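Down below is the structure, laid out as structure tokens.
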Amino acid sequence: YFGQGIMGLFTTNPEIIDLGTQIFALGFAIELGRMMNLIVGTNLRAAGDARYVAIMATAVIWGIGVPMSYLLGFSMELALIGVFIAIALDELTRGGACLYRWVSKQWCNKSLYSGQLA
């Protein structure tokens, strides 16, 4: 594994190397969702659909991110891995919701662009 090689530079403790490797893997899912949020969310805001992005982000963070962090991290005793899974679910859900909004073109009726150039 890629993570084992990197973590091996800092420690020889196999538990920490295993945890770090799992965090690296979850980091890819987190960054995929974050990338969708940044690109598609910014496009929606620029097109005049900032309200959707703000409401959806708030709802997903409080409806999925926070409860899942608690559930996975504390209740299911997954600790840091559980919190990272919850962050990945949050980012991927928000990114997917923004992408769906963009592809469905529901943002067009919110657009600041009237269709005519000056």
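Numbers for the structure displayed
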{"quantity": "Pairwise label distance in nanometres, residue 23 with residue 74, each label 7 Å out on the Cα-Cβ vector", "calculated": "2.1"}
{"quantity": "Per-residue HN-Hα couplings for the stretch 56-67 [Karplus 6.51, -1.76, 1.60; θ = phi - 60°; Hz; x = Gly/Pro]", "calculated": "5, 4, 4, 5, 6, 4, 7, x, 10, x, 5, x"}
{"quantity": "Estimated [θ] at 222 nm from DSSP helical runs (n ≥ 4, -39500 (n - 2.57)) normalised by residues in the chain, nearest 500", "calculated": "-20500 deg cm²/dmol"}
{"quantity": "With all protein chains modelled, accessible area of residue 12 [1.4 Å, Å²]", "calculated": "130"}
{"quantity": "Listed residue (64, 88, 99) projecting farthest to the positive dipole end of the stretch 23-118, Cβ model", "calculated": "99"}
{"quantity": "Three-way shape label, the stretch 1-94, alpha-carbon gyration tensor, a/c 1.5", "calculated": "oblate"}
{"quantity": "Surface share of carbon and sulfur [accessible, 1.4 angstrom probe, percent] for the chain", "calculated": "69"}
{"quantity": "Sparse-neighbour loop sites [GluC sites (Glu not before Pro); the stretch 1-83; at most 14 other C-beta within 10 Å; DSSP]", "calculated": "77"}
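The values are calculated or read from the model by the stated rules, or taken from the named source; none is laboratory data. A quick note: this is a predicted structure, and the numbers were derived from the prediction, not measured. Quick reminder, even Gly has a Cβ in these numbers, built from the backbone with ideal geometry, and neighbours come from all protein chains shown. Remember, those area values only see protein heavy atoms, side chains included, never the ligands or the DNA or RNA. Shrake-Rupley method; radii C 1.70, N 1.55, O 1.52, S 1.80 Å.
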